[in-house]
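No lab work stands behind these numbers, since they all come straight from the coordinates. Since this is a predicted model, take the numbers as computed values, not measurements. Backbone-built Cβ (ideal geometry, glycine too); neighbour counts: all protein chains shown.
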Amino acid sequence: MTLKVEVYQKEKVRPSSPTPQTLRYHKLSLLDVLAGPYYTPLILFYDSAAGSRRHDYDELRESLSKTLSVLYPLAGRLKDGSTIESNDEGADFVRANVGNYDLGEFFRRLPKLEDLRRLLPRDPYPDAIDPGMPMLAVQVNRFRCGGTAVAFCTWHGVVDAIGMAGFFNTWATINRGRGDSGGGLVVDASSIFSPGNLNTFQVVRTLFVGTMKKNSEKYTSKRFVFSKQDMERIRKQYSQSEHRRRPSRVEALSAFVWAAVIRATLVANPILKTHLLSHYVNLRKKLDPPLPSHCLGNIIQGTESVWEVAGGPVTARSLVGRVVEAIDKVTNDYVREMHTKGGFLRSIVARLRSKTTNYYNKDEVETLNISSLCNIPFGEVDFGWGKPIWIGMGHTLYDIALFVDTKDGGVEVWIGLKHEVMSNLDKDMEFHAYVSFAHIVSGSSYPLSSAL
C-alpha cells in the first residue's frame, strides 16, 4: 500500500529577531562550495509515547524561529556561488499527515527510498539553482498513531552532517525551554579554506553533474545492519595487526566494507586495476586552534586510500592499515599546507582535466566513498519527545556508503552499488557472516532476500 502523505500547511519561518547588518553576508569556504549544490535529506522518527511533552507543532515552529536567530545563515539565501545573504527570508516549515500507517506498520514494511522521499519537504537534488531556494526546509509528518517524522532538507553548501547535528540539538534544547545553546556555531571558515580567485562554483557544478549523471537504473541501494557484537568482532580482528595503533570501529568497518566491495567489483569487472577509497574526515578538532565541535560549515575533507590488483589478495586486514594511515595523515599542518595559495583547488582542477593518465582512467579505476555519521549526536536530538527511535536517509547513493549508529551500539551501512556488484556482494559469505539484517532501499533488478 502506497504511503499517503497529505500536506495541509506550508509557511515560512523567519528568525525571531532580525540579523544585524554586520552579519548580513556569510562567506562560504572552498569546502562549502565543493560540497555540492543539493540538500542533505535526513529524517528523525519519534514515538508518541516517549518523552515528557506532546508533539506540539506550533511550539516546534516557535522554537525554530528562535533557533534561526542564533544560526542565521540557515534563514538566508544564496547571493552567489560563495556567499549566503543572511536576509531573514526564513526556512520552509511544512505540516503533513500520514493517514494510512502507524509508525510500527511503517517500519515493518521496511521503508524504501520512495517512502522516505515522500516525507521530505523538497526534492533534495534540484535540477537548477534558484536564488530564492531556502537553505533549510523542514516537514513534520504526523502518523496515524500520533508519532512524528521530522524530515530535513538542509543545503549542503551551508553545513555538513556534524553541523546539522549541532543545529538539530540547538533547536531541540530551545524547544525544551532551556534557552539557546548555539552561540559560537557560526564561524568564518573561508579565512582557512579560501575559495580563491577561480570560478569554484563552476568547478563544483562540473564535479556534481558528472557524479549525478550516473544511470540510477543501474544501481541498487541496500541497508546492512551490523550489531554491536559483530562490530566488536570486526574490530578485534585488527587489534593484533602490525599497525601503529588499534583502528577505531569506523576505520575497521571501512576496511571491512571496502574489501568486500572490491571483491564484488572484481567479479563483475576483472580489468579494474586500481581501487580507491575516499573517506571523509572531520577537521574541526584537527585544526589549531580547533573550531567549535558542531559549528556550521563543511569542515570535512576526503582522504584517499589506494589498493592495486597487483598487490596480492584483497582482505580487510591488508586494507585497514591504508585506511588508518590516510586518516592519520590529516593534521593541522597537512591541512593548512594543502590550502595554502589555492593548492587544494588546483589539485582538484588538475584531476578533472586529467584524461590521459591511467590512474584516473574511469575504465581502470573504481572509487568507493565512505561518509561516517557515527558518533554524531543525531540520536540525542530530543525536542521533549524522547530520543529518535530511528534515523532515515533520503540520499541518492552511487558508489557511496553511509555509516549510521543504531540505538543498541551497532552500525547501519547504507550503500549504493551497481546492480551486478551488489548481487556479488550479496553472495559474499565472508561479508554476510557479520550482517544481522539487510533490506533493499531502492533500485533492485534481481531477487534479493529482505532479511538474512
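Label-to-label distance, residue 97 versus residue 236, with points set 7 angstrom from Cα along the beta-carbon direction: 5.2 nm.
Ranking of 138, 5 by neighbouring Cβ atoms within 10 Å, starting from the fewest: 5, 138. Judged by the ratio a/c of the largest to the smallest principal axis of the C-alpha gyration tensor, the stretch 216-442 counts as rounded, that ratio being less than 1.5. Ranked by how many other Cβ atoms sit within 10 Å of their own Cβ, fewest first, the residues 152, 378, 256 fall in the order 378, 152, 256. Each DSSP beta bridge with both residues in the stretch 216-442 is either parallel or antiparallel, and the antiparallel ones are about 75%.
With the charge dipole of the chain set up from +1 on Lys and Arg Cβ and -1 on Asp and Glu Cβ about the Cα centre, the Cα lying farthest toward the positive end among the listed residues 392, 238, 29 is that of 238. For the chain, the 222 nm mean residue ellipticity estimated from helices alone, with every DSSP H stretch of n ≥ 4 adding -39500 (n - 2.57) and the total spread over all residues, rounds to -8500 deg cm²/dmol. Per-residue extension of 0.36 nm, minus the Cα-Cα distance of residue 6 and residue 408, leaves a gain of 141.4 nm for this segment.
Size of the dipole of the stretch 5-191 about the Cα centre, Lys and Arg at +1 and Asp and Glu at -1 on the beta carbon, nothing else charged, in debye to 20?
Using Cβ point charges on Lys, Arg, Asp and Glu, the stretch 5-191 gives about 400 debye.
Placing +1 on the Cβ of every Lys and Arg and -1 on the Cβ of every Asp and Glu, with nothing else charged, gives the stretch 216-442 a dipole about its Cα centre of roughly 400 debye.
Once the chain from residue 433 to residue 107 is taken as fully extended at 0.36 nm per residue, the excess over their C-alpha distance is 114.9 nm. Cα-Cα over 19 Å: which of 112/418; 10/112; 4/222? As for pairs spanning more than 19 Å Cα to Cα, those are 10/112; 4/222.
Considering only 170, 313, 18, and ranking their Cα positions along the charge dipole of the chain that arises from unit charges at the beta-carbon of Lys, Arg, Asp and Glu, the one farthest toward the positive end is 313. Each Lys and Arg contributes +1 and each Asp and Glu -1, all at the Cβ; summed about the Cα centre of the chain, the dipole is approximately 220 debye.
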